[in-house]
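The values are calculated or read from the model by the stated rules, or taken from the named source; none is laboratory data. For clarity, every value in this text was computed on a predicted model and none was experimentally measured. Cβ atoms come from the backbone with ideal geometry, glycine included; neighbour counts cover every protein chain shown. Just the protein is used for accessible areas: all its heavy atoms, side chains included, with ligands, DNA and RNA removed. Shrake-Rupley method; radii C 1.70, N 1.55, O 1.52, S 1.80 Å.
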Amino acid sequence: MKKILVNGNWFAPISSGSMYENDYENRLIRHKEKLFPEYHCAKFKIKIDSPFGKCIPDLVLIHRDYKEWYVVEVELEHHSLQS
């Protein structure tokens, strides 16, 4: 199994079936400063309308200068994007 070394720490891939989506979301939030340094990152569980129907996204990324923002759907590898 391939691993990567980052700042003296080894990281190995894990199966997407080994964690719940909520746990993955929480990890993203916990490491948001390193993952999204130019953005505020927060949970965003509000029902919205889209061209694909109503949905409840997971996160929002808001640029620190408030010039752009993104609604984020977190999906594990083994989940269908269609449902």
Can we say D49 is at pLDDT 85 or above and open to solvent by 50 Å² or more (accessible area, probe 1.4 Å)? yes
Query raised in the report: Mind checking whether some residue in region 21-31 is open to solvent by less than 80 Å² (accessible area, probe 1.4 Å), more than 14 Å from the chain's Cα centre (by Cα) and closer than 30 Å to D65 by Cβ?
Result: no
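Just to check your reading of the model, which residue among K67, K3 is open to solvent by 100 Å² or more (accessible area, probe 1.4 Å), touching a Pro at 6+ places or on another chain (Cβ under 9 Å) and not hydrophobic (A, V, I, L, M, F, W, C)?
After applying the criteria, what remains is K3.
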